Amino acid sequence: MLSSLEYRRWAVTLGAAAVLAMATGGCGHGQFVWFQELPAATALANGEYIIGIGDVVSIRVLGHEEMSLKQRVRSDGRLALLLIGDVDAKGKRPSALKAELEGRLKDYIVSPSVSVNIDETLPTSILVLGEVGKPGVVPLDPDPRLAHAIASSGGLTDFAARSAIFVVRTEPHPVRIRFTYEAISRNLGGAADFELHRGDIVEVE
């Protein structure tokens, strides 16, 4: 069973996926990019965490301890800071949030230096849909690879289109990433080891 927080998160994710589907025309395979051609900025740097709803984030402003805080990211994806108010945190890397905060604080502080740390995270799960044995939510911890998600969902059915496996990613920008089953099963180009992130949806047509 999903907690109310997880349910809200999936509702937001599915809503974003619906918007993406409409934007791509909702027919055929729609717009997509093959995983080998995925820009590094979209793939996201391996090992750098993406902040999500429910995570506990610590922010410290050097020399201004009154601005230090430790907050859980709200359901709207934001944190509240002194001077600058609400800040969007969901979907950002800690380094990106740090840079944004330093930029906004320049209006109030000379040469601000900010540190951002993630103190607590929620278990990472993704949604697997379509022609798999057991569609639904798949926990990724401690293995966030695409091959693990497909295997955990019961593998492909006999009706699956083996050239049409997609990862729908909404952060930092909406994109549909296409794979073939052959590439995943043989780990061609690192397809099996493709790292999934919180909020991703795996679709097997």
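Within region 110-128, which residues are open to solvent by less than 20 Å² (accessible area, probe 1.4 Å) and over 25 Å from Arg169 (Cα atoms)?
If the condition is that a residue be open to solvent by less than 20 Å² (accessible area, probe 1.4 Å) and over 25 Å from Arg169 (Cα atoms), then Pro112, Val114 are the ones that fit.
Please list, ordered by residue number, the strands (runs of 3 or more DSSP E) wholly in region 51-100 having 3 or more residues that are open to solvent by 30 Å² or more (accessible area, probe 1.4 Å) and touching a strand residue (DSSP E or B) at 6+ places or on another chain (Cβ under 8 Å).
Numbers: elements: 56-61, 69-72, 78-81, 85-88.
In region 51-100, the matching strands (runs of 3 or more DSSP E) lie at 69-72.
Scan Arg178, Arg162, Arg186 and give me the residue that is loosely packed, with under 14 Cβ neighbours inside 10 Å and more than 21 Å from Ile50 (Cβ to Cβ). Walk me through how you get there before you give the answer.
Working: Arg178 fails: loosely packed, with under 14 Cβ neighbours inside 10 Å; Arg162 fails: loosely packed, with under 14 Cβ neighbours inside 10 Å.
Just a single option satisfies the conditions, and that option is Arg186.
Condition first: more than 28 Å from Glu37 (Cβ to Cβ), at pLDDT below 95, open to solvent by 20 Å² or more (accessible area, probe 1.4 Å) and not acidic (Asp, Glu). Can you find one or more residues in region 140-156 that meet it? Lay out the reasoning, then the answer.
At the first step, the residues of region 140-156 found to be more than 28 Å from Glu37 (Cβ to Cβ) are 141-142, 154.
Now narrow it down to the ones that are at pLDDT below 95: 141-142.
Then keep just the ones that are open to solvent by 20 Å² or more (accessible area, probe 1.4 Å); that gives 141-142.
Now drop any that are not not acidic (Asp, Glu), which leaves 142.
Yes, the conditions are met somewhere in region 140-156.
Taking His173 as the residue in question, decide whether it is loosely packed, with under 14 Cβ neighbours inside 10 Å and either in contact with a helix residue (DSSP H, G or I) (Cβ under 6 Å, 6 or more places away or on another chain) or modelled with pLDDT under 95 (or both). Break it down stepwise before answering.
Working: loosely packed, with under 14 Cβ neighbours inside 10 Å: yes; either in contact with a helix residue (DSSP H, G or I) (Cβ under 6 Å, 6 or more places away or on another chain) or modelled with pLDDT under 95 (or both): yes.
Against the criterion (loosely packed, with under 14 Cβ neighbours inside 10 Å and either in contact with a helix residue (DSSP H, G or I) (Cβ under 6 Å, 6 or more places away or on another chain) or modelled with pLDDT under 95 (or both)), His173 qualifies.
The values are calculated or read from the model by the stated rules, or taken from the named source; none is laboratory data. All figures in this text were calculated on a predicted structure; none of them were measured in a lab. Quick reminder, even Gly has a Cβ in these numbers, built from the backbone with ideal geometry, and neighbours come from all protein chains shown. Areas reflect the complete protein model, heavy atoms only, side chains present, ligands, DNA and RNA absent. Shrake-Rupley method; radii C 1.70, N 1.55, O 1.52, S 1.80 Å.
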